[in-house]
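See below for the structure under consideration.
The values are calculated or read from the model by the stated rules, or taken from the named source; none is laboratory data. Treat the numbers as computed from the prediction; the structure is a model and nothing was measured. So basically every Cβ, Gly included, is an ideal-geometry build from the backbone, and we count neighbours across all protein chains shown. For the accessible areas, the whole protein counts, side chains as well, though only heavy atoms, and no ligand, DNA or RNA atoms are used. Shrake-Rupley method; radii C 1.70, N 1.55, O 1.52, S 1.80 Å.
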Amino acid sequence: MNLSFFIASRYFRSKKKRNFITVLSRISMIGVAVGTMALVVVLSVFNGLEDLVRSLYASFDAELKVEATLGKSFSVDEAWLRSIQELEGVEVVTEVIEDNALFKYRDFQHLARLKGVSGNYLDHERFGRGYVWGDLSLGTDLQPKAIVGRGVGFFLSMDLDNEFEMLQVFYPKAPRSAGTIDPSQMYNSNVLRPSAFFSVDKEFDDNYIIAPLDFVSKLLNYGEKRTSLEIKVAENHSIQKVKRKLRDHLGGEFSVKDTDEQHAGLLRTIKIEKLFVFITLSFILAVASFNIFFSLSMMAIEKRRDTAILLAIGAKKGLIKSIYIKQGAIIAFTGAAIGLILGFLLVWAQDTFGMVSLGIASSVIENYPVKMVWTDFLWTSMAVIAITFIAAYRPALIAASVKSNEL
């Protein structure tokens with residue numbers, strides 16, 4: 001068997017008409033390398049975007065969020081809140097009241113989301129990713145202050161340095177009498193002092209104003225009701241383990257969501273896009289591997305006489321098949337290895353030096369985010385192996401169908 005393989009290799013390395021097949025094989029190798037490199041780079045960009053979305057939302061959202069499974073709000077008391085605070089792994093419990101309200105500043109009006117938070121809100125290390133302008137403070141009971149999204153501040157033309165202009169807040173209420181014509185019976189109103197702007201993501205920047213919990217509770221007539229609780233997990237504790245403890249402690253009346261679950265739809269969309277991009281580039285890689293099919297098919301046709309000699313001296317058809325499949329594997333694996341290395345180097349260079357910029361001056365990051373994940377390399381390699389086997393199998397069957405009497 002080894003002697004037959006040696007003879008086969010000698011025949012296949014003959015110089016007769018070898019140049020064209022060699023060029024075609026090299027083109028196949030380049031095509032596989034470029035396709036593999038593109039797969040690695042594009043998948044790494046999607047990983048980077050997913051990580052960026054997570055980090056931006058983590059700057060605004062809580063690590064764990066507790067909400068009622070039924071209804072908009074739920075009642076709280078000191079004993080119940082203390083029982084949550086005393087759970088192992090829970091560091092900070094922030095009470096939240098959140099609802100839509102109308103805001104007016106000078107002659108400008110804007111409908112946005114008013115988020116009332118307890119005094120420990122900033123202990124969650126908020127806005128770690130993003131920008132903040134002004135005094136990041138919620139003020140006092142006598143002078144409550146607001147932390148305003150940059151987009152809301154733009155819509156209302158706010159000036160943080162103007163100490164005389166206040167932010168007016170209006171919230172509708174049910175009138176005492178259905179026939180009243182007194183506008184003051186239709187809404188609650190109060191004023192806030194804008195103290196800072198934040199910029200994390202357009203979704204938050206254009207829609208949120210953060211204010212003290214007591215201020216919002218009085219304005220919205222919530223009393224001891226809350227719309228959610230935001231939990232910060234202590235260091236060296238697993239978020240998932242603390243989430244399970246909270247679910248067991250609170251029961252089925254409450255849902256406990258981590259940051260991914262709070263934005264499950266968006267993250268699912270990114271993963272689906274990544275999957276379809278992987279499938280699309282795999283098809284492109286399959287098209288590039290057609291050169292492997294053509295080069296091996298031409299080799300099988302040109303070497304029919306040599307193959308017949310191998311069969312005549314006792315070579316098995318399985319050996320003939322393996323020769324062509326191995327030839328295709330050499331071309332594909334070499335191209336894949338080159339592509340993986342080039343893809344790794346490109347992603348590393350982008351991550352280290354930021355070669356490709358986003359081109360957005362106001363963005364929280366300057367360059368396209370990338371992140372390498374070993375599973376992407378694994379799935380890319382498996383796709384190359386599958387495509388190579390399919391491309392080389394048919395020429396191998398053609399070569400194995402030669403009869404020994406065709407000498």
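General observations
- Helices (runs of 4 or more DSSP H) fully within segment 251-329 counting 3 or more residues that are without any contact (Cβ under 8 Å) to a residue 40 or more places away in the chain, within 30 Å of K241 (Cβ to Cβ) and open to solvent by 70 Å² or more (accessible area, probe 1.4 Å): 264-288
- Checked against the criteria, L114 counts as of a type in the set (A, V, I, L, M) and out of contact with any Lys or Arg (no Cβ under 6 Å at 6 or more places or on another chain).
- Number of residues in segment 139-148 that are under 28 Å from the mean Cα position of the chain (by Cα) and either within 14 Å of Y105 (Cα to Cα) or acidic (D, E) (or both) equals 1.
- Hits in segment 189-205 (condition: open to solvent by 30 Å² or more (accessible area, probe 1.4 Å) and under 19 Å from L102 (Cβ atoms)): S189, N190, V191, R193
- Of the helices (runs of 4 or more DSSP H) lying entirely inside segment 1-100, the ones with 2 or more residues being modelled with pLDDT of 85 or more and buried (at least 18 other Cβ atoms within 10 Å of the Cβ) are found at 18-60.
- Conditions (1) small (G, A, S); (2) open to solvent by 20 Å² or more (accessible area, probe 1.4 Å); (3) within 21 Å of N188 (Cβ to Cβ); number of the one not met by G116: (2)
- Exclusive hit being among the hydrophobic types (A, V, I, L, M, F, W, C) and out of contact with any helix residue (DSSP H, G or I) (no Cβ under 7 Å at 6 or more places or on another chain), set I309, I284, I292: I309
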